[in-house]
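The values are calculated or read from the model by the stated rules, or taken from the named source; none is laboratory data. Keep in mind the model is a prediction, meaning the values are calculated, not measured. Here the Cβ is made from the backbone with ideal geometry for all residues, glycine too, and neighbour counts use every protein chain on show. Ligands, DNA and RNA are stripped out before the accessible areas are found, and what is left, the full protein with its side chains, is counted by its heavy atoms. Shrake-Rupley method; radii C 1.70, N 1.55, O 1.52, S 1.80 Å.
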Amino acid sequence: FDFCQAEGKKRPSENLGQVLFGERIEPSPYRFTFNKKETCKSVCTKTYDTTKPEDKQKLDFLKKSMLLNYQHHWIVDNMPVTWCYDVEDGQRFCNPGFPIGCYITEDGRPKDACVINSEFHEKDTFYIFNHVDIKIYYHVVENEALGARLVAAKLEPKSYKHTHADNPDCSGVPMDISNKASGEVKIAYTYSVTFQEEKSIRWASRWDYILESMPHTHIQWFSIMNSLVIVLFLSGMVAMIMLRTLHKDIARYNQMDSTEDAQEEFGWKLVHGDIFRPPRKGMLLSVFLGSGTQILIMTFVTLFFACLGFLSPANRGALMTCAVVLWVLLGTPAGYVAARFYKSFGGEKWKTNVLLTSFLCPGIVFADFFIMNLILWGEGSSAAIPFGTLVAILALWFCISVPLTFIGAYFGFKKNAIEHPVRTNQIPRQIPEQSFYTKPLPGIIMGGILPFGCIFIQLFFILNSIWSHQMYYMFGFLFLVFIILVITCSEATILLCYFHLCAEDYHWQWRSFLTSGFTAVYFLIYAIHYFFSKLQITGTASTILYFGYTMIMVLIFFLFTG
């Protein structure tokens with residue numbers, strides 16, 4: 001963007017999660033000394049001569065970024081520097097970033113941040129925020145050796161056309177860049193710092209003012225209640241079926257001691273000779289089950305740690321680092337579960353099974369991730385992952401995850417196969433004509449709706465935090481919703497399984513996986529809707545990136561719910 005650069009300062013190092021999310025922290029040329037007030041200090045001056053093509057290109061890029069409302073994100077002492085302004089109903093919103101500038105359209109309408117100042121009124125003009133008033137709040141620590149702690153940092157973006165760039169006075173008209181401007185454009189960047197003691201904020205709770213201005217806690221409770229109602233309804237249904245129907249059925253079977261009655265079997269009892277017939281594509285199903293187990297445990301542990309407060313927004317990138325490390329370490333349960341199911345499906349090719357478990361799903365995710373990275377790299381984005389990190393991720397996968405999967409599979413194959421309570425008949429039964437709702441596809445499509453109903457409000461906040469740079473901190477809610485989702489997926493599948501077993505259709509293995517796995521398809525539809533309704537993303541590369549990362553999330557979610 002050609003802003004002022006810090007000369008010769010080292011870049012802070014980032015952890016794995018930050019690198020994966022493309023968060024790069026750069027040193028800044030704005031220098032502060034504690035309790036030393038600065039007014040209108042000059043940082044640097046940039047001059048653009050629009051007759052030179054490279055200068056014109058830089059200026060056009062700056063204009064485009066103002067048009068698209070790009071934001072600065074600044075950090076002081078690991079705290080985001082926020083820009084607080086009043087929104088409707090007398091609330092203050094604290095934004096952890098502030099815009100580069102803003103634009104007044106050709107018919108004189110102010111866009112985005114231009115509404116903050118009535119002096120921004122020239123038509124078809126860009127106003128760049130080239131001056132910031134930074135206010136740093138601190139409190140003095142009484143009992144320890146003399147020292148103070150920073151509890152908040154706020155700023156006001158301003159726009160000034162400095163007449164004397166070498167000796168700025170920070171007053172006068174705003175810095176306007178007309179869209180049709182030619183000749184020389186000079187932008188002088190300046191800043192002011194004031195320090196203010198704030199006794200009421202404790203250091204431990206210094207993030208609260210940012211989080212409080214994040215809206216929608218009441219919607220959360222509403223969504224939790226909504227999800228709980230669904231869960232209660234489903235639990236009631238499952239309990240009713242289990243207790244009433246099955247109890248009645250089993251009681252009837254126990255009464256039949258004479259043989260001639262036993263011929264008149266009905267419902268699910270008819271398929272007892274076929275129920276444990278191995279499914280088609282049993283290899284793939286066992287691999288999916290293994291990977292799904294891995295993701296399920298990973299999600300559970302990550303959210304559990306997040307609830308305890310280890311992964312707050314203050315620990316940048318901690319959430320992603322935790323998830324990746326856990327995923328790598330959980331190769332053993334994946335191999336074990338896959339091997340156990342594959343053996344009980346009567347599979348013989350155990351080597352193929354282990355290799356697929358360790359490479360199929362992670363391979364798809366990595367390939368997708370790699371293609372996204374190539375696009376970022378081609379676009380020259382700072383979010384592109386350096387080659388060293390890619391090698392490190394591959395090393396984690398091949399040197400830790402894969403051997404652990406093999407160990408798990410070894411134990412899985414050593415154990416005896418899961419014993420089935422009834423023998424499987426030699427000849428498969430004929431499946432009768434199915435009614436509409438017990439056919440595979442309608443059943444699967446219906447099964448995904450209920451779990452999705454539990455999560456879609458949380459999904460909105462998660463997508464916001466990924467794509468719109470809002471902080472996500474409601475891990476307590478998320479953990480609750482996670483538990484609710486697990487229960488809903490299981491119960492919805494049990495119900496639909498019971499219905500189609502009563503209709504004498506005994507192909508239940510894939511159907512039970514896909515019934516709740518179909519939630520991921522609804523997630524994809526929602527992500528597409530979110531893309532078109534909430535995000536103003538233009539350009540092919542950005543669109544491909546959005547959908548590329550969405551597909552990774554959908555695949556992980558599919559395996560997890562299944």
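Given the condition farther than 30 Å from ASP60 by Cβ, without any contact (Cβ under 8 Å) to a residue 60 or more places away in the chain and either assigned to a strand (DSSP E or B) or open to solvent by less than 60 Å² (accessible area, probe 1.4 Å) (or both), answer yes or no: does some residue in the range 217-236 qualify?
yes
Considering each residue of the range 291-316, count those that are over 21 Å from MET553 (Cα atoms) and of a type in the set (Phe, Trp, Tyr), and give that number.
1
PRO421 fails exactly one of the following numbered conditions: (1) in a helix (DSSP H, G or I); (2) open to solvent by 30 Å² or more (accessible area, probe 1.4 Å). What is the number of that condition?
Among (1) in a helix (DSSP H, G or I); (2) open to solvent by 30 Å² or more (accessible area, probe 1.4 Å), PRO421 violates only (1).
Residues LEU360, LEU319: which one is modelled with pLDDT under 95, assigned by the TED database to the domain that holds ALA541, open to solvent by 20 Å² or more (accessible area, probe 1.4 Å) and under 20 Å from LEU559 (Cβ atoms)?
The conditions single out LEU319.
Starting from residues that are out of contact with any Ser or Thr (no Cβ under 7 Å at 6 or more places or on another chain) and aliphatic (A, V, I, L, M), keep the ones in the range 1-59 and report whichever is least open to solvent (accessible area, probe 1.4 Å).
LEU20
Would you point out the residue of the range 293-306, among those that are open to solvent by less than 60 Å² (accessible area, probe 1.4 Å) and touching a Phe, Trp or Tyr at 6+ places or on another chain (Cβ under 6 Å), that is nearest to PHE341 (Cα to Cα)?
ILE295
Evaluate the range 499-518: report whether one residue or more is open to solvent by 30 Å² or more (accessible area, probe 1.4 Å), modelled with pLDDT of 90 or more, more than 27 Å from TYR437 (Cα to Cα) and assigned by the TED database to the domain that holds VAL271.
Checking the range 499-518: not a single residue is open to solvent by 30 Å² or more (accessible area, probe 1.4 Å), modelled with pLDDT of 90 or more, more than 27 Å from TYR437 (Cα to Cα) and assigned by the TED database to the domain that holds VAL271.
Could you look through the range 329-353, keep only residues that are within 29 Å of the chain's Cα centre (by Cα) and among the aliphatic types (A, V, I, L, M), and pick out the one that is most open to solvent (accessible area, probe 1.4 Å)?
In this case the residue turns out to be LEU329.
Would you say PHE452 is at pLDDT 85 or above, of a type in the set (Phe, Trp, Tyr) and touching a Phe, Trp or Tyr at 6+ places or on another chain (Cβ under 7 Å)?
Considered against the rule, which asks whether it is at pLDDT 85 or above, of a type in the set (Phe, Trp, Tyr) and touching a Phe, Trp or Tyr at 6+ places or on another chain (Cβ under 7 Å), PHE452 comes out as yes.
State whether the residues of the range 319-331 include one that is over 19 Å from VAL365 (Cβ atoms) and assigned to a helix (DSSP H, G or I).
no
What are the residues in the range 400-425 that are of a type in the set (Val, Ile, Thr) and either at pLDDT below 95 or over 34 Å from the mean Cα position of the chain (by Cα) (or both), if any?
Answer for the range 400-425, where residues must be of a type in the set (Val, Ile, Thr) and either at pLDDT below 95 or over 34 Å from the mean Cα position of the chain (by Cα) (or both): ILE418, VAL422, THR424.
Would you list the strands (runs of 3 or more DSSP E) that sit entirely within the range 105-207 and hold 1 or more residues that are of a type in the set (Ser, Thr, Tyr)?
Of the strands (runs of 3 or more DSSP E) lying wholly inside the range 105-207, those with at least 1 residues that are of a type in the set (Ser, Thr, Tyr) span 125-128, 131-141, 176-178, 184-197.
What tally of residues in the range 80-92 results from selecting those that are modelled with pLDDT of 90 or more and either open to solvent by 70 Å² or more (accessible area, probe 1.4 Å) or among the aliphatic types (A, V, I, L, M) (or both)?
1
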